[in-house]
1. With a 1.4 Å probe and all protein chains left in place, how much of the accessible area of the chain comes from carbon and sulfur atoms, in whole percent?
2. Using only C-alpha positions, report the orientation-averaged shadow area of the convex hull of the stretch 77-228, nm², one decimal.
3. With every protein chain kept in place and ligands, DNA and RNA left out, what is the accessible area per residue of the chain? Probe 1.4 Å, answer in Å².
4. Whole angstrom only: what separates the Cα centroid of the stretch 236-259 from the Cα centroid of the stretch 21-37?
5. With the contact rule set at Cα under 8 Å and sequence spacing of 6 or more, what percent relative contact order holds for the stretch 1-58?
6. Explain nothing, just the number: relative contact order of the chain, from Cα pairs under 8 Å at least 6 residues apart, as a whole percent.
7. Take the alpha carbon atoms of the stretch 55-125, find their center, do the same for the stretch 162-190, and report the distance between the two centers in whole angstrom.
8. Suppose each label sits 7 Å from its Cα in the direction of the beta carbon; what would the Thr96-Ile10 distance come out to in nanometres?
Amino acid sequence: MSSYFTKLRIEAQRGTQELISALATGPSSPLFSRLRKCGTSTEYKNSVACGAVACAKCRETYVRKQVAAVQAALAGAKNDDLVMVSIVLELVGSVTDIGPSFASAKRKLRNIIEQNRRSKARWCDLQAVGWMEVDAFEPERFADLLPRKKAQFEAMGVPYAGDGPVWVTTLHCIVSLASVDRHAFARELERGWSIPTQVHIRPFDGERTVSDNINSVVRYSLKHSSVSNAHVTGPEPWNIVWRKAYYEYLNDWSRSFQSVRLWIRPRSCQIQRHEPKQREMCDEESIERYIEPMPILF
């Protein structure tokens, strides 16, 4: 494991302990009870795993299993066939809108892919697996955001957040394009998310193995670092009030990691019209808007 992810793991463990301590001083919390039981033994001497997204230990276990599952599902794929897709989904003013935002995005992406599968055979082999990530910022400090983030968020619309932060939902995916051209795929995504820079597609690093690239992208997507990354001053950890609100909401909304994941698998299709199964050709119009070098070089 790289030093970057090792640092993230140490910080996650510290963050879980801080969260448990904060939850212990407030009203009765189902999340507190769940986290406190993690690692204890049952009467049959089995260790309890809480499975909460807030739990650094359970999250690391889940990440390892997801890395292995994705590597198995994409066995035989080449770096040229794979991309990392990041979509900034929505800005929401209430923590309770996070789940519906991600659920809506999953439906939208499935609909885009299924619509293309009805008429294009090459889309039937496409596969996408991804996870939700959430960022947050104080609306009163909007001027402190990076210029590109200010422009993006203004275009998306900054909601009223009251006394709380604005939550930013994002989907990170590994996509096996099969025979679909990545530029054509990017244009299809823009049908659902049309704000400039809202969609980023990064080719896999050809200097690394496919397994290493998958490992990095999965770990990056599931880091749950609880850090604001949009400020000009650099990364800023969320305060404990935000972290409590976020993880208690996730605990109520989803009892496991399943609800923060998307997996669209290949399937057989009944095509409405015949089309040779070959890589789709496209022009180079506005490609720079979508394609960026893959930044995961840990």
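1. For the chain, the apolar C and S fraction of the accessible surface comes to 49 percent.
2. That works out to 9.4 nm², a quarter of the Cα hull's surface.
3. Ligands and nucleic acids excluded, the figure is 49 Å² per residue.
4. Comparing the Cα centres of the stretch 236-259 and the stretch 21-37, I get a distance of 13 Å.
5. Over the stretch 1-58, the number comes to 31 percent.
6. 29 percent.
7. If you average the Cα positions of each part, the centres end up 8 Å apart.
8. 4.0 nm
The values are calculated or read from the model by the stated rules, or taken from the named source; none is laboratory data. All values derive from a computational prediction rather than experimental measurement. In this analysis, Cβ positions are derived from the backbone assuming ideal geometry, glycine residues included, and neighbour counts consider all displayed protein chains. Accessible surface is based on the protein model in full, side chains and every heavy atom, while ligands, DNA and RNA are left aside. Shrake-Rupley method; radii C 1.70, N 1.55, O 1.52, S 1.80 Å.
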